[in-house]
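Q: The structure is given below, and queries will be raised subsequently.
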Amino acid sequence: MKIFETHAHYDDDAFDADRESIIERLSAFDVAKVVNIGSNMETSRTTDALTKKYDFFYGAVGVHPSDSGDMTEQNIEELQRLISSNDKIVAVGEIGLDYHYDEPDREIQKKWFVRQLCLARDTGLPVVIHSRDAAEDTIKILEENNISEIGGVMHCYSYSKELSERVLKMGLYIGVGGVVTFKNGRKLVETVLNAPLDRIVVETDSPYLAPEPHRGRRNSSANLKLIINKIAEIKGISPEEAAAATYENAMRMYRIRG
Ligand SMILES: [Zn+2]
Ligand SMILES: [Zn+2]
């Protein structure tokens with residue numbers, strides 16, 4: 001089995017004590033590729049470094065809405081340089097809107113979301129979208145910016161099945177994480193049941209959101225199999241088929257060859 005981890009944060013402090021040994025053991029859990037995701041300027045730089053250290057690591061660079069308060073046009077230029085100097089940077093992200101913590105101001109979040117969508121368009125990369133409690137504004141911005149020409153994933157999908165149909169219509173992929181294993185994850189189960197198998201990708205969002213039975217503990221990509229198993233159960237296919245399909249989907253979504 002070969003599993004593609006589409007979203008993790010291995011530069012997070014939670015891995016400071018044992019980062020190398022955790023990463024080196026991932027292949028024993030059938031994790032064949034990992035995309036490390038930047039969430040601010042610092043983690044975009046550390047993502048760049050991780051892709052150079054590990055063959056099976058790729059990266060996304062970008063600034064998370066909650067971190068966009070002090071973003072500048074110079075930051076955009078630096079992101080552009082990181083992208084043009086490293087072929088293993090395969091996406092702009094994570095970018096989007098987060099009204100859960102509702103900071104910084106919504107207008108600032110929107111401004112830098114749109115600006116980074118333009119960066120993706122200019123550099124020819126897909127986007128990793130973070131959207132929490134902000135469904136309508138997210139969809140509106142994506143439509144206004146012709147997201148179907150950019151492509152990407154709605155990561156850690158948390159909205160309704162109905163909304164996922166609009167997301168799929170825009171050509172985006174649905175990022176399925178540990179929540180699908182939660183007792184209160186019914187909404188996501190319905191979305192997975194309804195979505196075509198060729199539009200689902202798997203992610204852990206490590207170190208966050210560990211699936212059952214590890215809920216609340218530090219997460220790692222070693223737990224992806226629990227998510228694969230749950231998707232297989234929902235779709236009525238084998239775990240091998242679920243792993244193979246989501247692997248191919250991630251390769252297509254991130255436009256990785258070979
Ligand atoms: Zn996120
Ligand atoms: Zn994330």
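Q: Looking at segment 16-26, can you tell me whether even one residue there is within 16 Å of ligand 1 (Cβ to nearest atom) and either more than 23 Å from Leu82 (Cβ to Cβ) or not aromatic (Phe, Trp, Tyr) (or both)?
A: No, the conditions are met nowhere in segment 16-26.
Q: Ok, one more. Going through segment 25-53 one residue at a time, which ones are surrounded by 19 or more Cβ atoms within 10 Å (Cβ to Cβ), of a type in the set (D, E, K, R) and assigned to a helix (DSSP H, G or I)?
A: Within segment 25-53, Asp48 is the sole residue that qualifies.
Q: Could you give me the residue pairs with C-beta distances under 7 Å whose first residue belongs to segment 95-111 and is of a type in the set (Gly, Ala, Ser), whose second residue is within 16 Å of ligand 2 (Cβ to nearest atom) wherever it lies, and which are 6+ apart or on separate chains?
A: From residues that are of a type in the set (Gly, Ala, Ser), the pairs are Gly96/Pro65; Gly96/Phe113; Gly96/Ile129; Gly96/His130; Gly96/Ser131; Gly96/Thr138.
Q: Looking at segment 153-202, which of the residues that are under 13 Å from the mean Cα position of the chain (by Cα) and of a type outside the set (A, V, I, L, M) is farthest from His7 (Cα to Cα)?
A: Among them, the one singled out is Ser158.
Q: Moving to a separate point now. List the pairs whose first member sits in segment 27-52 and is farther than 16 Å from Leu79 by Cα, whose second member is in a loop (DSSP other than H, G, I, E, B) and away from ligand 2 (no atom under 11 Å from the Cβ), and whose Cβ atoms are under 7 Å apart, counting only residues at least 6 apart or on separate chains?
A: Hits for this filter: Asp30/Met1; Asp30/Lys2; Ala32/Lys2; Ala32/Phe56; Lys33/Phe56; Val34/Phe56; Val35/Tyr254.
Q: Next question. If the Cβ limit is 6 Å and pairs must be 6+ apart or interchain, which residue in segment 156-173 that is closer than 19 Å to Glu94 by Cα pairs with which residue that is part of a loop (DSSP other than H, G, I, E, B) and within 16 Å of ligand 2 (Cβ to nearest atom)?
A: As it stands, the answer is Cys156/Gly177; Cys156/Asp205, since those pairs meet every condition given.
Q: Can you name the number of the only condition in (1) without any contact (Cβ under 8 Å) to a residue 12 or more places away in the chain; (2) buried (at least 24 other Cβ atoms within 10 Å of the Cβ) that Thr72 fails?
A: (2) is the only condition that Thr72 fails.
Q: List, please: which pairs have Cβ atoms under 8 Å, are six or more places apart or on different chains, and start with a residue in segment 7-23 that is of a type in the set (Gly, Ala, Ser) and end with one that is modelled with pLDDT of 95 or more and assigned to a loop (DSSP other than H, G, I, E, B)?
A: Filtered contacts from segment 7-23: Ala8/Glu203; Ala8/Thr204; Ala8/Asp205; Ala8/Ser220; Ala14/Pro207; Ala14/Arg218.
Q: Quick one: count up the residues across segment 82-93 that are surrounded by 15 or more Cβ atoms within 10 Å (Cβ to Cβ) and either away from ligand 1 (no atom under 16 Å from the Cβ) or among the hydroxyl-bearing types (Ser, Thr, Tyr) (or both).
A: The number of residues fulfilling the criteria is 6.
Q: Scan segment 208-215 and give yes if some residue there is in contact (Cβ under 8 Å) with a residue 12 or more places away in the chain and buried (at least 22 other Cβ atoms within 10 Å of the Cβ), otherwise no.
A: There is at least one residue in segment 208-215 that is in contact (Cβ under 8 Å) with a residue 12 or more places away in the chain and buried (at least 22 other Cβ atoms within 10 Å of the Cβ).
Q: Against the condition closer than 27 Å to Ile174 by Cβ and in contact with a helix residue (DSSP H, G or I) (Cβ under 9 Å, 6 or more places away or on another chain), how does Ile76 come out, does it pass?
A: Against the criterion (closer than 27 Å to Ile174 by Cβ and in contact with a helix residue (DSSP H, G or I) (Cβ under 9 Å, 6 or more places away or on another chain)), Ile76 does not qualify.
Q: Next up: Restricting attention to segment 93-104, which residues are more than 11 Å from ligand 2 (Cβ to nearest atom), of a type outside the set (Asp, Glu) and in contact with a Ser or Thr (Cβ under 7 Å, 6 or more places away or on another chain)?
A: Residues satisfying the conditions are Leu97, Tyr101, Pro104.
Q: Report the residue count in segment 127-169 for those that are part of a helix (DSSP H, G or I), more than 16 Å from ligand 2 (Cβ to nearest atom) and not acidic (Asp, Glu).
A: Here the count works out to 14.
Q: Somewhere in segment 103-126, is a residue at pLDDT below 95, outside any strand (DSSP E or B), over 17 Å from the mean Cα position of the chain (by Cα) and not aliphatic (A, V, I, L, M)?
A: Yes; the residues of segment 103-126 include at least one that is at pLDDT below 95, outside any strand (DSSP E or B), over 17 Å from the mean Cα position of the chain (by Cα) and not aliphatic (A, V, I, L, M).
For (1) buried (at least 24 other Cβ atoms within 10 Å of the Cβ); (2) away from ligand 1 (no atom under 16 Å from the Cβ), each residue gets a yes or a no:
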{"position": "Ile95", "(1), (2)": "yes, no"}
{"position": "Tyr159", "(1), (2)": "no, no"}
{"position": "Glu165", "(1), (2)": "no, yes"}
{"position": "Lys183", "(1), (2)": "no, yes"}
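The values are calculated or read from the model by the stated rules, or taken from the named source; none is laboratory data. Everything numeric here is computed off the predicted structure, so don't read it as measured data. Don't worry about glycine lacking a Cβ; one is built from the backbone with ideal geometry, like all the others, and counts go over all protein chains shown.
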